[in-house]
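Enquirer: Questions regarding the structure given below will be posed in turn.
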Amino acid sequence: MIPETRPAPTPLETSPTRPPNHVWIIFRKEFSEIFRDRRTVISVIISPLLITPAIFALLGVVISGQAQKARTQTYAVGVVGGSSAPLVLQALQKTPNLRVISIPRSEAETQIKDHRLSAVAVLPDDTHAALREGRTVSVDILEDAGNQNSQTAAERLNTILGAIGQQVVAQRLRARHLPPEYARPFDITEKPIKQGGSTATFFLAMMLPYILSVSAFSGAIYAAFDQVAGEKERGTLETLLVSPASRRAIVLGKFGAVVAVCLISSLLSIAGMVITFGSGLKQYAWLSKGGLHLSPAAICVTLLVLLPLSVLFAGLLLAVSTFARNQKEAQTYLAPLFILVLAPAMISMFLNTDVGLSVALAPVLNAAIIIKQALSGTYDLAFILLASAASVLYAAAALTFATKLFQKESVLIKS
Amino acid sequence: MIEARNLCKVFTDKKRGLIRAVDGVSFECHAGEIFGLLGPNGAGKTTLLRMLATILEPTSGTATVAGYDIRTQAQEVRQNIGYLSGSTALYERLTAREMVRYFGALYGLPTEAIAAQTEQIFTELDMHEFADSRCDKLSTGQKQRVSIARTIVHRPPVLFFDEPTSGLDVVAARTITRFIRRCRDENRAVVFSTHIMSEVEALCDRIAVIYRGQIVAIGTLEELRARTGRQAFEHVFLRLIGEEDT
């Protein structure tokens, strides 16, 4: 036995006035470290501020290009029975950007199928007589429902035949000495009210809840998986567990950092969307028609709803990260979890704001509907209260679950 | 400084049923002593050290470390220990200085004390050259020095080393063994777990041979040699665990 001749050294004195706030120390370290990870920087900062607006701009270019093409492209269309209706045939042939070819009925389907013609108008043999006698002529327009060009050509034929029909009506009215207004009892003009929403706000209300949910979740994936599964994998978790920080403090510090990343990710997504919709750039004209109208109340409600949503996502992701042995295993659990988040977020795009109260209990979907209501200016107080209570409850459950899991040594120390 | 009394740890494995990883282990380690835990892989060394470091909770039995009970005073135990394992790593995105500061803060050291300790340790271990480099940019030897700095930033009276030289080259391993000797010279209690015979012979004042979760012998090198009648420590060890060829 070795005799103890000298007193053993004591550890350095801790701060006498301020006991260490382990939650804050861990949060601060995790938060600063997270943003040194290139993957997180891309998913949290670059993606919502640059990639999302770029995707919308690209979509705008494609959509306006398609619209331009639909207006100016020359389509080859066929007419069956043109000889029995020379006036109609002449009118069609005079139409710009339309190449009209008379064909027999037997070839109509084949020529559309072989892409030689985009669409075919089938006029009955008695067209001329029917028009002269004031009867209605049944015209079939043949099109390929699976071909965009064919549908556009058919639409153009429909419009032109409608215009020819208007001329026929005008002639008939003149023959009976009746004014043109006789056949137009209503003169309708749609006028959006000044206090109402705009197309941009409508699109934003439809897409923002989805984009916010997905960005809050996806932005925090790398951060959450790095926090526990990554630490287990690299062997740093053990060093943290032998520090004086309690496991509860460790999980709360890490949890706070993931919540912060969720919030930053979704806030930057809002910024990205507002830049997109409010920039006035012509690439976003398809979205920003009528300008963007966001009330302060709508912004406040959106931000308030984001908090429990972020806590819920952070709790779920941290629980997965704690349960998994390494980041690769965590990734395998991610797919079903992503579907659970993605599905309600997608459903919210197609639901109106006047949903039943039971929807307020559906996680993620309830938050998405509140955001949608706020942006549309239609607040349902009962729904908001119930949904908020449910969201807070789910968030608390997720946090409790993650904390409990972190206490289990069989999960934390897998040797 | 360390007194383990009948420590047991039982794990449940779905395939193998109950596994007694540590089975009734008792020993003492004093200030100024390097106490070696020698055993083959899977003998229970890591589990034993993890219990002493309060990472794992004992199934039965207990221990005191620096006068604190590992079951009821876990936080006080952790405040008084340093733990360095061959499998533990560094936060790669932190610099060496940030790493030491972080652990200094976790140990509750005042800001000025952390700064002073960092300076002193960095000088002792010749770390100033790479103090502000990210850990993922450091060489293996430099990383080892950061690990040591992290372990002693609060100057603990008790240190646990779990196979700290595993996977290291000779130069990096020498940094560790020098550090362990210095801990003894500073009158700290050191528990050193390894399966490498030469390290035990070179470093340990007393040795516990651990096999299948149980301590089969404790003593100084000479005591164990006398007990087995063997000189080469490899033969001493094999005889003690009953695996010596006859």
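Enquirer: Please enumerate the residues belonging to region B:45-61 that are touching a residue at least 60 places away in the same chain (Cβ under 8 Å) and more than 11 Å from chain A (Cβ to nearest Cβ).
Expert: B:K45, B:L48
Enquirer: Let me ask you something else. Can you tell me how many residues in region B:98-127 are part of a loop (DSSP other than H, G, I, E, B), more than 7 Å from every other protein chain (Cβ to nearest Cβ) and more than 15 Å from B:T151 (Cβ to Cβ)? Quick ask: steps written out before the conclusion?
Expert: Of the residues in region B:98-127, the ones part of a loop (DSSP other than H, G, I, E, B) are B:107-110, B:125-127.
From what is left, the residues that are more than 7 Å from every other protein chain (Cβ to nearest Cβ) are B:125-127.
So of that shortlist, the ones also more than 15 Å from B:T151 (Cβ to Cβ) come out as B:126.
Within region B:98-127, residues that are part of a loop (DSSP other than H, G, I, E, B), more than 7 Å from every other protein chain (Cβ to nearest Cβ) and more than 15 Å from B:T151 (Cβ to Cβ) number 1.
Enquirer: Give me a count of the residues in region A:360-386 that are of a type in the set (V, I, T) and surrounded by fewer than 18 Cβ atoms within 10 Å (Cβ to Cβ). Give the steps one after another, and end with the answer.
Expert: The initial filter retains those residues of region A:360-386 that are of a type in the set (V, I, T), namely A:364, A:369-371, A:378, A:384.
Okay, now just the ones that are also surrounded by fewer than 18 Cβ atoms within 10 Å (Cβ to Cβ), so A:378.
Counting residues in region A:360-386 that are of a type in the set (V, I, T) and surrounded by fewer than 18 Cβ atoms within 10 Å (Cβ to Cβ) gives 1.
Enquirer: Okay, next question. Can you tell which of A:A216, A:A183 is at pLDDT below 90, surrounded by 16 or more Cβ atoms within 10 Å (Cβ to Cβ) and hydrophobic (A, V, I, L, M, F, W, C)?
Expert: Working: A:A183 fails: surrounded by 16 or more Cβ atoms within 10 Å (Cβ to Cβ).
Exactly one of A:A216, A:A183 is at pLDDT below 90, surrounded by 16 or more Cβ atoms within 10 Å (Cβ to Cβ) and hydrophobic (A, V, I, L, M, F, W, C), namely A:A216.
Enquirer: Regarding B:E119, is this residue among the acidic types (D, E) and closer than 27 Å to B:Y211 by Cα? First the steps, then the outcome.
Expert: Values: among the acidic types (D, E): yes; closer than 27 Å to B:Y211 by Cα: no.
In short, no.
Enquirer: In region B:192-217, what residues are under 18 Å from B:Q144 (Cα atoms) and among the β-branched types (V, I, T)?
Expert: Going through region B:192-217, the residues under 18 Å from B:Q144 (Cα atoms) turn out to be B:192-194, B:199.
Scanning region B:192-217 gives a single hit, B:T194.
Enquirer: While we're here: Take the residues in region B:155-185 that are at pLDDT 90 or above and assigned to a loop (DSSP other than H, G, I, E, B); name whichever of them is farthest from the chain's Cα centre (by Cα).
Expert: Looking at residues that are at pLDDT 90 or above and assigned to a loop (DSSP other than H, G, I, E, B), I get B:R155.
Enquirer: Which of the residues spanning region A:117-176 are surrounded by fewer than 18 Cβ atoms within 10 Å (Cβ to Cβ) and hydroxyl-bearing (S, T, Y)?
Expert: Answer for region A:117-176, where residues must be surrounded by fewer than 18 Cβ atoms within 10 Å (Cβ to Cβ) and hydroxyl-bearing (S, T, Y): A:T136, A:S138, A:T159.
Enquirer: Identify all residues within region B:1-33 that are out of contact with any Lys or Arg (no Cβ under 8 Å at 6 or more places or on another chain) and among the basic types (K, R); write none if there are none.
Expert: Selection gives B:R5, B:K14, B:K15, B:R16.
Residues checked against (1) within 14 Å of another protein chain (Cβ to nearest Cβ); (2) more than 30 Å from A:V301 (Cα to Cα); (3) touching a residue at least 12 places away in the same chain (Cβ under 8 Å); (4) not small (G, A, S):
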site	(1), (2), (3), (4)
A:G165	no, yes, no, no
A:L178	no, yes, no, yes
A:Y182	no, yes, no, yes
A:I188	no, yes, no, yes
A:G219	no, no, yes, no
A:F225	no, no, yes, yes
A:V228	yes, yes, yes, yes
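Enquirer: Which ones in region A:44-93 are hydroxyl-bearing (S, T, Y), out of contact with any strand residue (DSSP E or B) (no Cβ under 9 Å at 6 or more places or on another chain) and modelled with pLDDT of 80 or more?
Expert: Within region A:44-93, A:S47, A:T72, A:S84 meet the criteria.
Enquirer: Out of region A:39-89, which residues are part of a helix (DSSP H, G or I), more than 43 Å from the chain's Cα centre (by Cα) and either surrounded by 13 or more Cβ atoms within 10 Å (Cβ to Cβ) or aliphatic (A, V, I, L, M) (or both)? Reasoning before the result, please.
Expert: At the first step, the residues of region A:39-89 found to be part of a helix (DSSP H, G or I) are A:39-72, A:82-84, A:86-89.
Remaining after also requiring more than 43 Å from the chain's Cα centre (by Cα): A:82-84, A:86-89.
Scanning region A:39-89 gives A:G82, A:S83, A:S84, A:L87, A:V88, A:L89.
Enquirer: Follow-up question, since we're still on this one. When you check A:L357 against the structure, is it exposed (fewer than 14 other Cβ atoms within 10 Å of the Cβ), without any contact (Cβ under 8 Å) to a residue 60 or more places away in the chain, more than 30 Å from A:A249 (Cβ to Cβ) and away from chain B (no Cβ under 14 Å), yes or no? Steps first, please.
Expert: Values: exposed (fewer than 14 other Cβ atoms within 10 Å of the Cβ): yes; without any contact (Cβ under 8 Å) to a residue 60 or more places away in the chain: yes; more than 30 Å from A:A249 (Cβ to Cβ): yes; away from chain B (no Cβ under 14 Å): yes.
Judged against the criteria, A:L357 is a match.
Enquirer: Which of the residues belonging to region A:353-384 are closer than 19 Å to A:L342 by Cα, assigned to a loop (DSSP other than H, G, I, E, B) and in contact with a Ser or Thr (Cβ under 9 Å, 6 or more places away or on another chain)?
Expert: Correct list: A:T353, A:P363, A:V364.
Enquirer: To continue, here is another question. Filter region B:77-97 down to residues that are more than 8 Å from every other protein chain (Cβ to nearest Cβ) and assigned to a helix (DSSP H, G or I) and give me whichever is nearest to B:S193 (Cα to Cα).
Expert: Filtering region B:77-97 for residues that are more than 8 Å from every other protein chain (Cβ to nearest Cβ) and assigned to a helix (DSSP H, G or I), the one nearest to B:S193 (Cα to Cα) comes out as B:V77.
Enquirer: Additional query: Where in region A:213-293 are there helices (runs of 4 or more DSSP H), lying wholly inside it, with at least 3 residues that are not assigned by TED's automatic domain parsing to the domain that holds A:A374? Walk me through how you get there before you give the answer.
Expert: Details: elements: A:231-234, A:237-241, A:247-278.
In region A:213-293, there are no helices (runs of 4 or more DSSP H) which contain 3 or more residues that are not assigned by TED's automatic domain parsing to the domain that holds A:A374.
Enquirer: From the list A:S118, A:S138, A:S106, which residue is under 20 Å from A:Q171 (Cα atoms) and at pLDDT 90 or above? Quick ask: steps written out before the conclusion?
Expert: Details: A:S118 fails: under 20 Å from A:Q171 (Cα atoms); A:S106 fails: under 20 Å from A:Q171 (Cα atoms).
Result of the check over A:S118, A:S138, A:S106: A:S138.
Enquirer: For region A:385-393, indicate whether the set of residues that are in a loop (DSSP other than H, G, I, E, B) and free of Cβ contacts under 8 Å to residues at least 60 places away in the same chain is non-empty.
Expert: no
Enquirer: Quick one: which residue in A:P96, A:P124 is in the same structural domain as A:R172 (by TED's automatic domain parsing) and at pLDDT below 90?
Expert: Working: A:P124 fails: at pLDDT below 90.
Only one candidate passes the filter, namely A:P96.
Enquirer: Assess whether B:V25 counts as being more than 13 Å from chain A (Cβ to nearest Cβ) and of a type in the set (A, V, I, L, M).
Expert: Numbers: more than 13 Å from chain A (Cβ to nearest Cβ): yes; of a type in the set (A, V, I, L, M): yes.
Yes; evaluated as a whole, the condition is true for this residue.
Enquirer: Can you say whether B:S87 is in contact (Cβ under 8 Å) with a residue 24 or more places away in the chain, within 28 Å of B:L138 (Cα to Cα) and surrounded by fewer than 24 Cβ atoms within 10 Å (Cβ to Cβ), as far as the supplied structure shows? Steps first, please.
Expert: Values: in contact (Cβ under 8 Å) with a residue 24 or more places away in the chain: yes; within 28 Å of B:L138 (Cα to Cα): yes; surrounded by fewer than 24 Cβ atoms within 10 Å (Cβ to Cβ): yes.
Against the criterion (in contact (Cβ under 8 Å) with a residue 24 or more places away in the chain, within 28 Å of B:L138 (Cα to Cα) and surrounded by fewer than 24 Cβ atoms within 10 Å (Cβ to Cβ)), B:S87 qualifies.
Enquirer: Condition first: within 14 Å of chain A (Cβ to nearest Cβ) and part of a strand (DSSP E or B). Now tell me which residues in region B:194-238 satisfy that.
Expert: The answer is B:R206, B:I207, B:A208, B:I218, B:G219.
Enquirer: Might you let me know whether region B:57-80 holds any residue that is surrounded by fewer than 21 Cβ atoms within 10 Å (Cβ to Cβ), of a type outside the set (G, A, S), within 26 Å of A:F31 (Cα to Cα) and touching a helix residue (DSSP H, G or I) at 6+ places or on another chain (Cβ under 7 Å)?
Expert: Within region B:57-80, none of the residues are surrounded by fewer than 21 Cβ atoms within 10 Å (Cβ to Cβ), of a type outside the set (G, A, S), within 26 Å of A:F31 (Cα to Cα) and touching a helix residue (DSSP H, G or I) at 6+ places or on another chain (Cβ under 7 Å).
Enquirer: Any residue in region A:339-348 that is surrounded by 14 or more Cβ atoms within 10 Å (Cβ to Cβ) and within 27 Å of A:G235 (Cβ to Cβ)?
Expert: no
Enquirer: Which of the numbered conditions does B:R134 fail, given that it passes all the others? Conditions: (1) modelled with pLDDT of 90 or more; (2) surrounded by 23 or more Cβ atoms within 10 Å (Cβ to Cβ); (3) touching a strand residue (DSSP E or B) at 6+ places or on another chain (Cβ under 6 Å); (4) of a type outside the set (V, I, T).
Expert: (2)
The values are calculated or read from the model by the stated rules, or taken from the named source; none is laboratory data. Just so we're clear, the structure is a prediction, and the values are computed from it rather than from any experiment. As a convention, Cβ positions derive from the backbone with ideal geometry for all residues, glycine included, and neighbour counts pool all protein chains shown.
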